[in-house]
Amino acid sequence: MRIGLAQTRFPQSLAEGFEIVKRAIVEAKQQQCDVICFPESILPGLRGVGYAVEAYDHEAQRAAVHEIRAVAEQSSIAVILPAEWEDETGLHIVAFFISEQGEIQGYQTKNQIDPDEDQFGYVPGTNRQLFQVKGVPIGITICHEGWRYPETVRWAAQQGARIVFHPQFTGQVKNPEFYRAAMVCRSMENTIYFASVNYALENQGCTTTLISPTGERLASMPDNTEGLLVWDIDPEQAHGLLAKRFQPDLF
């Protein structure tokens, strides 16, 4: 399975975010990717990290997601599209999963909200789910929960995910080694692939990176560089042995 991890610049608006996503999907098509993943909340941008982000507009957001669905269908590529999304329970941070046929098959909510994000009134999600790319089960964990709540990745691996995608934002931090090591832990403790997707930022604490089921850093993007990381993974290597051996009754 060929994956594309899009390390993009931070969008200055919802409209720019849409154009960034659309161009990256076209590039992924040219490189024959089966799935592409974007950084956290690329539509309209992540709040509280030092950038101006426009007020949430549900109709504009809905229209942008609908248009990206059409681009995915035209390109025959599955898309993991992180965004803000409001439903009957409130405003969430989510990652839509759009199939290669352009069908929105659902979204994974961010269920563990960073305390710094409480000021924006986000409602934590309550469910987790898997999706499939060409018959391969995949999971999604969003930024903070993937770093500090390894259970979110363990759950996906126990349900059969061969790879977990991790849309995130990590800028300048005091302990970048924590983030780099956490990626390796998420893969090795579950024996699956872990694909972490950050923005292209100055002094970013970690870059977009793919980790193998044995903890090897297979590929990563340079700092502050826009681009598409493309890699062929072998789902059979991600057998999830350690996740399957976990005995929750002991804890």
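Overview of results
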quantity	calculated
Cross-link partners of Lys134 among lysines (Cα-Cα below 30 Å; sequence separation of 8 or more within a chain)	Lys22, Lys29, Lys110, Lys244
Inter-site label distance for Gln132 and Arg9 at 7 Å from Cα along Cβ, in nm	4.0 nm
C-alpha center-to-center spacing [the stretch 127-148, the stretch 41-63] in angstrom	22 Å
Computed over the stretch 2-250: relative contact order in percent, which uses C-alpha pairs under 8 Å that are six or more apart	19 percent
Chain lengthening between Phe120 and Phe178 when straightened (0.36 nm per residue, less Cα-Cα)	18.3 nm
Gained length - Glu100 relative to Asp223, 0.36 nm times residue gap less alpha-carbon distance	41.3 nm
Highest-MSF residue in the chain out of Gly240, Gly121, Gly135 [GNM, Cα springs under 10 Å]	Gly135
Proxy reagent accessibility, fewest Cβ within 10 Å first, across Phe38, Phe178, Phe169, Phe96	Phe178, Phe96, Phe169, Phe38
Most mobile listed residue (Arg154, Arg128, Arg162) in the chain, GNM with C-alpha springs under 10 Å	Arg128
Relative contact order %, the stretch 1-136, counting alpha carbon pairs below 8 Å whose residues are six or more apart	21 percent
Estimated inter-spin distance, Val26 and Glu216, nm [label 7 Å along Cα→Cβ]	3.6 nm
Listed values (1) 40; (2) 64; (3) 46, entry calculated as percent of Cα pairs over 24 Å apart	(1)
Proximal charge balance of Gln108 [Cβ under 11 Å; K/R count +1, D/E count -1]	+1
Asp249, Asp57, Asp114 arranged by Cβ crowding within 10 Å, fewest neighbours leading	Asp249, Asp57, Asp114
Sorted by Cβ neighbour density within 10 Å, fewest at the top, the residues Leu5, Leu81, Leu241	Leu241, Leu81, Leu5
Förster radius 41 Å - calculated FRET efficiency between Asn203 and His239 (Cβ-Cβ, nearest 0.05)	0.65
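Values in this text are rule-based calculations from the coordinates and carry no lab data. Since the model is a prediction, treat every value here as computed from it, not as a measurement. In this analysis, Cβ positions are derived from the backbone assuming ideal geometry, glycine residues included, and neighbour counts consider all displayed protein chains.
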